[in-house]
Amino acid sequence: MTVPQPPEPIPGARLLFSLDPAVSHLNHGSFGAVPIGVQRAQQRLRDEMESNPLRFFTQGLVDRIAHTRRHLAGFLGADPDGSALVGNTTTAVAVVLQSLGLRAGDEVLSTDHGYGAVSLAIQRECRRTGAVSRVLPIPLAATDEQIVQTIRAGLRPGRTRLLVVDQLTSATARLFPTAAIVGVAREHGVPVLVDAAHAPGMLSTPVASVGADFWAGNLHKWGYAPRGTAVLAVAPQWRDRIEPLVVSWEQEAGFPARVEWQATLDYTAWLAAPAGLFTLRSLGVDRVREHNAALAAYGQRVVGDALGVPPAQLPDPGGPGVALRLIPLPAGTATTIDAARALQTRIGERLATEVAVMNWSGRGWLRLTGQVYNTADEYERLAVRLPALLAQR
Ligand SMILES: Cc1ncc(COP(=O)(O)O)c(C=O)c1O
């Protein structure tokens with residue numbers, strides 16, 4: 001089989017970023033990268049804030065936040081009145097968990113593809129309330145139908161108070177059939193929280209079409225927003241029950257303002273987030289999506305070939321548009337979380353290449369991303385040098 005051709009580069013795109021040119025940045029998924037124009041937009045807002053802090057905070061900031069929220073929600077296909085800006089997906093998950101009023105005997109259901117910090121949050125809320133956390137194992141190669149079936153069989157109506165599923169998983173780069181999962185859960189009367197940390201900017205699925213009770217996604221990954229920008233979308237029946245983590249002056253205003261206003265904070269990331277979407281739109285949202293997904297697929301193939309992984313054994317993301325791809329590492333590599341972290345650092349230091357090394361289901365995986373600032377030769381160089389590094393152990 002021939003390796004697919006990489007996509008045409010997007011001319012000049014690399015120059016929009018301040019990334020170190022001596023490094024290949026093949027892990028946009030973990031912390032994103034903020035375009036220079038967006039960094040400047042945030043700096044201008046900070047300058048404004050520092051020129052007169054009292055005026056910045058007391059005259060119109062709440063309205064500016066609401067205006068920004070409407071803009072971001074519009075892009076995501078979310079209800080602007082049912083969406084709140086929050087600092088990150090982790091915060092959104094915490095807000096939802098502590099608003100549910102879990103009690104002893106209740107259960108929170110999730111899958112073994114879930115994000116580690118989200119699992120920790122579920123465990124802590126269960127410990128605090130006497131509820132139970134149950135995790136459903138789902139094989140990496142499961143079809144959409146099998147995923148929905150497994151979840152359907154795992155629901156315990158009357159006991160399962162929340163199902164948490166990822167729209168696109170972090171550790172396994174797998175697109176979950178979230179709309180179908182939400183449909184099944186709804187039939188059983190189980191609310192669903194969709195962890196969509198990677199969705200904004202990468203997936204074209206409008207939030208409303210997922211139909212979840214709660215949906216949380218980061219703008220600071222694939223939406224080019226400054227870090228600290230995420231959206232929590234909440235279905236109408238839950239909005240009055242959503243409590244902020246920190247009670248502040250907008251408490252009586254209800255959702256979403258009470259969740260957004262968290263006292264004296266630097267809100268400039270949110271206000272600058274539309275500049276991230278402007279960058280994405282200027283490049284062409286669909287063009288960027290197609291480019292990134294095709295480049296990640298190319299990277300998966302060339303690095304997979306170099307490690308001797310047959311194409312059929314390279315995990316398929318399960319749908320179009322996904323710019324994260326997994327490659328299984330040789331047996332015995334990155335078999336613990338610590339070993340995975342150490343290998344990731346070693347690849348960064350020795351090969352000047354930032355990647356994600358995952359430990360999932362007891363084995364090691366390399367996760368590569370594609371972004372407009374990447375070029376095919378960065379994956380090709382990694383493919384040439386990685387086997388020798390892995391052989392060193
Ligand atoms: C699936 C998933 N959920 C949640 C998060 C947490 O995002 P944040 O650190 O912005 O809260 C991530 C981060 O990579 C993620 O991949």
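The values are calculated or read from the model by the stated rules, or taken from the named source; none is laboratory data. Being a predicted model, the structure only gives us computed values, none of them experimental. Reconstructed Cβ throughout: ideal geometry from the backbone, glycine too, with neighbour counts over all protein chains shown. Surface areas here come from the heavy atoms of the whole protein model, side chains and all, with no ligands, DNA or RNA. Shrake-Rupley method; radii C 1.70, N 1.55, O 1.52, S 1.80 Å.
Residues checked against (1) closer than 30 Å to P7 by Cα; (2) surrounded by fewer than 20 Cβ atoms within 10 Å (Cβ to Cβ):
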position: Y224; (1), (2): yes, no
position: L245; (1), (2): no, yes
position: V259; (1), (2): no, no
position: R281; (1), (2): yes, yes
position: G284; (1), (2): yes, yes
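Restricting the first member to the range 252-281 and to residues that are β-branched (V, I, T), and the second to residues that are in a helix (DSSP H, G or I) and open to solvent by less than 10 Å² (accessible area, probe 1.4 Å), the beta-carbon pairs closer than 7 Å and six or more apart or on different chains are V259/V95; T279/V38. Name the pairs whose Cβ atoms lie under 8 Å apart, with the first residue in the range 222-245 and without any contact (Cβ under 8 Å) to a residue 40 or more places away in the chain, the second part of a loop (DSSP other than H, G, I, E, B) and open to solvent by 10 Å² or more (accessible area, probe 1.4 Å), and 6 or more positions between them or separate chains? Hits for this filter: Q237/D213; D240/G254; D240/F255. Just one of the listed residues (I327, I347) is crowded, with 19+ Cβ neighbours inside 10 Å, of a type in the set (A, V, I, L, M, F, W, C) and under 22 Å from Q5 (Cβ atoms), and it is I327. Among the residues making up the range 53-79, those that are within 15 Å of Y267 (Cα to Cα) and open to solvent by 50 Å² or more (accessible area, probe 1.4 Å) are P53, L54, R55, T58, Q59, V62, D63, R64, H67. Just one of the listed residues (A180, A208) is of a type in the set (A, V, I, L, M), within 18 Å of the chain's Cα centre (by Cα) and open to solvent by 10 Å² or more (accessible area, probe 1.4 Å), namely A208.
Only one of the numbered conditions (1) part of a helix (DSSP H, G or I); (2) under 24 Å from S204 (Cβ atoms) is not met by P6, and that is (1). Going by the conditions given, is A66 within 16 Å of the ligand (Cβ to nearest atom) and small (G, A, S)? Judged against the criteria, A66 is not a match.
Per the listing A216, A197, the residue uniquely open to solvent by less than 10 Å² (accessible area, probe 1.4 Å) and within 16 Å of the ligand (Cβ to nearest atom) is A216.
Considering the conditions (1) open to solvent by less than 20 Å² (accessible area, probe 1.4 Å); (2) over 11 Å from the mean Cα position of the chain (by Cα), Q167 is excluded by exactly one of them, (2).
Could you check how many residues of the range 21-32 are within 11 Å of G348 (Cβ to Cβ) and either out of contact with any Asp or Glu (no Cβ under 8 Å at 6 or more places or on another chain) or crowded, with 19+ Cβ neighbours inside 10 Å (or both)? Count: 4.
This table checks each residue for (1) within 12 Å of the ligand (Cβ to nearest atom); (2) under 15 Å from A323 (Cβ atoms).
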| site | (1), (2) |
| --- | --- |
| V190 | no, no |
| M202 | yes, yes |
| V207 | no, no |
| K221 | yes, yes |
| A225 | yes, no |
| L232 | yes, no |
| A235 | no, no |
| W238 | no, no |
| E252 | no, no |
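Of all residues in the range 81-124, those being open to solvent by 10 Å² or more (accessible area, probe 1.4 Å), more than 10 Å from the ligand (Cβ to nearest atom) and within 21 Å of F255 (Cβ to Cβ) number 6. Residues that are in a loop (DSSP other than H, G, I, E, B) and either in contact (Cβ under 8 Å) with a residue 12 or more places away in the chain or closer than 21 Å to Q344 by Cβ (or both) within the range 9-20 comprise P9, I10, S18, L19, D20, listed in sequence order.
Go through the residues of the range 209-227 one by one and say whether even a single one is of a type outside the set (V, I, T) and in a helix (DSSP H, G or I).
Yes: one or more hits.
Check P320, P310 and return the single one that is farther than 24 Å from R70 by Cα, over 22 Å from the mean Cα position of the chain (by Cα), of a type outside the set (S, T, Y) and open to solvent by 40 Å² or more (accessible area, probe 1.4 Å). It would help to see each step written out before you state the result.
On the way: P320 fails: over 22 Å from the mean Cα position of the chain (by Cα).
None of the others qualify; the one that does is P310.
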